[in-house]
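Everything below concerns the one structure shown next.
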Amino acid sequence: MSTVSPSSDQQLDRAALAALYEETFKNLEEGTITEGRVVAVSKDKVVVDIGYKSEGMISNDQFSTEELQNLKVGDPLKVYIEECEDADGNLVLSKEKADKMKIWEELEKLFNEEKSIDGKIVARIKGGMMVDIGVKAFLPGSQIDLHPVRDLDGLVGRTFPLKIIKINHRRGNVVVSRRVLLEETRDSKRKNTLSTLKEGQLIQGVVKNITDYGAFIDLGGIDGLLHITDMSWGRVGHPSEMFNIGDKVEVSVLKYDRETGRISLGLKQKSADPWSGVAGKYTIGTRVRGRVVSLTDYGAFIELEPGVEGLVHVSEMSWTHEVRHPSRVVSIGDQVEAAVLNVDPGSRKISLGMKQTAPNPWDMVEGKYAIGTRIEGKVKSLTDFGAFVGLEEGIDGLIHISDMSWTKHIKHPSELFKKGQKVEAVVLRIDKEKERLSLGYKQLGSDPWDAEIPNKYGVGDVAVGKVSKIADFGIFVELDGGVEGLIHISEAGLDQQAKLEEKFKLGDEVTAKIIKVDREERKIALSLRDHQSDNDRRQVDEYHSTQGTLDQSLGRAVKQSRKRNQAEDEK
C-alpha cells in the first residue's frame, strides 16, 4: 500500500487552520469570564457556544424561572470558564460564577468610587448584622446608626442604603456602613441649616429625644433644646405630656451660640403671654370654673384657660373635712368651681379656694352653740392634750385635759373617754377665725373647791383613801368624794434606798395627814411621815399617862403598908 503525501496546498490549509484556532482560543482561559451565545435551551440545560471547538452546557438550576422563560437561542450570555476540557473532553461553563464575578466587579467599582448600594438585612450575628448586597456582607453594630440601636432584631428584613468601607474579593469579605452615609447626610444638612439659622426664626423640626428637663429637636443635621419651661405658658409636668419622639413641630429660635453650637428653642413664644391680662380678668373674689390638670400632695392645679393655672391648696378644699390628699376630693380631668383668693402675676400664681363657693358652717357656730350651752356628741379622737368631740359635719370641739375633772389629776384622756363614746359637755369658748370650739366636761357639775372641799378637808385632819396613781415624784390618793390628794415622795416616810412602786400598789388603802389645802391651785397635800410622827407621839403620851397613874397607885399602896406596919408596932 502506497502512502499519499499531502499536497503543499493541504499543508498550507492545515497551518492556517491551526493558526486560526490558536488566535481564537488564546483569550479563553480557565477562571475567566467570556461572552457566548445560546444555541439551545432544553428542559434541564442550556447549551452555549463561546467559539471553542466544542460547546458548553449549563444546568438550568443556575437560572431563575424568569430568566429561563425569557432566554432565547442567539441571546448573548456571560459565562465563567471553569475548565476548557474536563476528563471527558467537555467544556465546563458556569453562569452562577459569572454572575458572582460580575457582582464583585461592580462592588469594587462602587468601593473605588465611594458610592452607596442598597442592602437588605437578613440576620443578626455576633457583633452586628448580616446584609445581602448581591453577596453576603457584614454590617458592624457600631456602623448601623448614629446612635446605639436597642432593637437590632427589629431591623431584620429592612433595606437601607449602605457604603462599602472594606472589600477583599480573594477572601470573600465585605464590610459595609450605614453610619457613614448618615453622617454625610447630617453634615450636609447641618451646613445648610447653620448657614440660614438666626435668632427669632421659626423653623420646622422633629422631636429626636425626650428628657425630664426638655426635648431635643432635630432641625436638620443639628439638634436644639426645647426646655420644659419654654414649652407652654402653663404648667408642664413632663415633656412627654406634650410630645412623642418623631413628632413634627415648629419652634422659635431663642438663642444660637455659634461658638458652642448650642441652640435654645421655644414653643410658647409663638403666642402672646396669657398672664399679661390676668390681674384684670381674675380679681379677688371672682368665681371661676376650670379643669383639674395636676395633683400634688399639697393641692390641685386648675387650668382656667390655656397657659393659666391656679392652685387650690388642700386647706381650701373643704369646710367640713380635713383633706389629707386632694385625690380624695377631685380627680384629673374634673371640672370644678372655685373662688379667686389671691393673684400674683409677677410670680405667675393664682390662689383658688373651692370651699369658698359654699357657706362656711363656722359662720353659724356662734348662734347655734352659745357659750354655756350643753351639747352632746361622740368622741372622734383622743390626743395627749384632750379629746375631740364631733358636734356636726365639719364642727368639732375640744375637751382639754384640764377641763375634764375638778378633783382628779388626769394624765391622759383615755382615763375617762373612749373613741366613739357619747359624751355631754359645756361650750366654754368659740374662736371663729381659728375655727376652734372649746368644751368642758367638768363644768357639767359645780366646782367642789368653792366650798365643799375646803370645808370638808382641813389642815391637820387625818384622811383615808386609796392609791389611784403612782408617779416618780409621789403617789396620788383618791379621797372621799372623788378628790385627789398628793403624797410627795418627801412625805412618804421611806428610806432613801426604797422606791414608791415597792411600797405602794394601786388600790392600796392609806391613811395620811392633811398638811396643805390650796384652794387656788386645787391641791391637797398629804403626809404619811407626819401621820406616823403623830401616831408615835400619841403612843408616847399614852405611855407616860399610863405610867403616871401606876406610880400614884404604887405610892398610895406603900403609904398604906407603912401605916399598917406602924400600927402593928405600936400594939
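Bear in mind these aren't lab numbers, they're just calculated from the coordinates by the rules spelled out. This is a predicted model, so every value here is computed, not measured. Glycine gets a Cβ as well: all are built from the backbone with ideal geometry, and neighbour counts include every protein chain shown.
Taking a virtual spin label 7 Å from the Cα of Ile33 along the C-beta vector, which residues in segment 128-156 bring their backbone nitrogen under 20 Å of it? Once the point is set 7 Å along Cα→Cβ of Ile33, 132-137 turn out to lie under 20 Å by backbone N, inside segment 128-156. When shorter helices are ignored and each DSSP H run of at least 4 residues is given -39500 (n - 2.57), the per-residue value for the chain at 222 nm works out to -7000 deg cm²/dmol. Residue by residue, segment 379-395 carries 3J(HN,Hα) couplings of 5, 8, 7, 10, 10, 5, 9, x, 10, 8, 10, x, 9, 7, 4, x, 10 Hz when phi is fed to the Karplus relation 6.51 cos²θ - 1.76 cosθ + 1.60 (θ = phi - 60°); x denotes Gly or Pro. Of the peptides 302-308, 189-195, the order by per-residue mean of other Cβ atoms within 10 Å, starting with the highest, comes out as 302-308, 189-195.
When you restrict to C-alpha pairs under 8 Å that are six or more residues apart and normalise by the size of segment 176-301, the relative contact order lands at 21 percent. Between the beta carbons of His321 and Asn342, assuming R0 = 25 Å, the FRET efficiency works out to 0.65 to the nearest 0.05. Among the listed pairs Lys422/Lys503; Lys419/Lys442; Lys43/Lys109; Lys198/Lys268; Lys418/Lys516, those whose Cα-Cα separation exceeds 28 Å are Lys422/Lys503; Lys43/Lys109; Lys418/Lys516.
The stretch between Lys523 and Leu295 holds 76.7 nm of extra length on full extension. This uses 0.36 nm per residue minus the Cα-Cα distance. P(r) tail, segment 361-444: Cα-Cα pairs separated by more than 20 Å, 25% of all pairs.
On full extension, the segment bounded by Thr511 and Asp151 gains 120.6 nm, given 0.36 nm per residue less the C-alpha separation.
Here the convex hull built on the C-alpha positions of segment 114-182 has a volume of 79 cubic angstrom per residue. Modelled this way, with points 7 Å down the Cα-to-C-beta line, the labels at Asn360 and Asp534 are 5.8 nm from one another. For Lys456, go through the aspartates and glutamates and keep the ones whose alpha-carbon is under 15 Å away, minus same-chain ones fewer than eight residues off. Counting by Cα, and skipping residues close in sequence, Lys456 has these aspartates and glutamates nearby: Asp447, Glu478, Asp480, Glu484, Asp518. The slack in the chain from Ser490 to Glu113, taken as 0.36 nm per residue of separation less the alpha-carbon distance, amounts to 124.7 nm.
Residues of segment 478-493 with amide nitrogen under 16 Å from the 7 Å Cα-to-Cβ point of Lys456? Residues 478-486 fall inside that zone.
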